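Here's the structure, in structure tokens; my notes come after.
The values are calculated or read from the model by the stated rules, or taken from the named source; none is laboratory data. Nothing here was measured: the structure is a model prediction, and the numbers come from that model. Neighbour counts run over all protein chains shown; Cβ positions are idealised from the backbone, glycine included. These area figures cover heavy atoms from the full protein model, side chains too; ligands, DNA and RNA do not enter into them. Shrake-Rupley method; radii C 1.70, N 1.55, O 1.52, S 1.80 Å.
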Amino acid sequence: MGHWFGKGKRGVIFGIWNSHTSIGNIMGAVIASHYLATDWSLSFIVPGIIIMVSGVVMFLFLPEYPSDVGCTTPKKSNGGVTPNIKCPTQPRDKVKIRSEGSPILSNPENQEKPAIGFIGALKIPGVLEFSFCLFFAKLVNYTFLYWLPGYIKYSSKYIN
């Protein structure tokens, strides 16, 4: 996503993109709970198959760089504003597509700098604090989601 959008738009784009965690939790719970009454093992198998198929589709068809589909890469202009990506208006079959290769292997035509490592990412201001906040928020969320219904069931005289 970072290769497709300039720095000025990344916050909004990543915010929208990150909504997949909440939507995925909701859809996963709905899909898994659908199979609980008939065959509980399908509650694990079906969401797993959906995740694998969507991962393979993303790996095969999601282009990593705009230049892979004939668009210009957003670069910072003199005024500090990142321009929009420009894509050709010609049909897709006339766009020059880069030769076949794997995004896992190095791609020298699109590499500006090497990727940051794990320790380097932890040194970015705010990353460690945000990570701990997210960890404890998820801990509380999943504690209530999984433990609280059982606690209410066994400790309350109102629910059988």
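Structure notes:
- His3, His20, His34, ranked by accessible area, largest first (probe 1.4 Å): His34, His20, His3
- Fully extending the segment from Ala121 to Phe44 would add 24.4 nm, taking 0.36 nm per residue of separation and subtracting the current Cα-Cα distance.
- At full extension, Ser156 and Phe135 could sit 4.6 nm farther apart than now, given 0.36 nm per residue minus the alpha carbon distance.
- Inter-label distance, Leu128 to Phe144: 2.9 nm, where each label sits 7 Å from its Cα along the C-beta direction.
- Legend: translational diffusion of the stretch 1-67 by Stokes-Einstein, Rh = Kirkwood radius over C-alpha pairs, 10 °C, 1.306 mPa s; D = 112 µm²/s.
- For the stretch 124-137, putting each phi into the Karplus relation 6.51 cos²θ - 1.76 cosθ + 1.60 with θ = phi - 60° gives couplings of 5, x, x, 5, 5, 5, 4, 4, 5, 4, 5, 4, 6, 5 Hz, in residue order, rounded to whole numbers and with x for Gly and Pro.
- Vicinal HN-Hα couplings computed from phi for the stretch 40-48 (Karplus, 6.51 cos²θ - 1.76 cosθ + 1.60; Hz; Gly/Pro x): 5, 5, 5, 5, 9, 6, 5, x, x
- Two-site FRET efficiency, Val57 against Ile16, from Cβ-Cβ distance with R₀ of 25 Å, rounded to 0.05: 0.80
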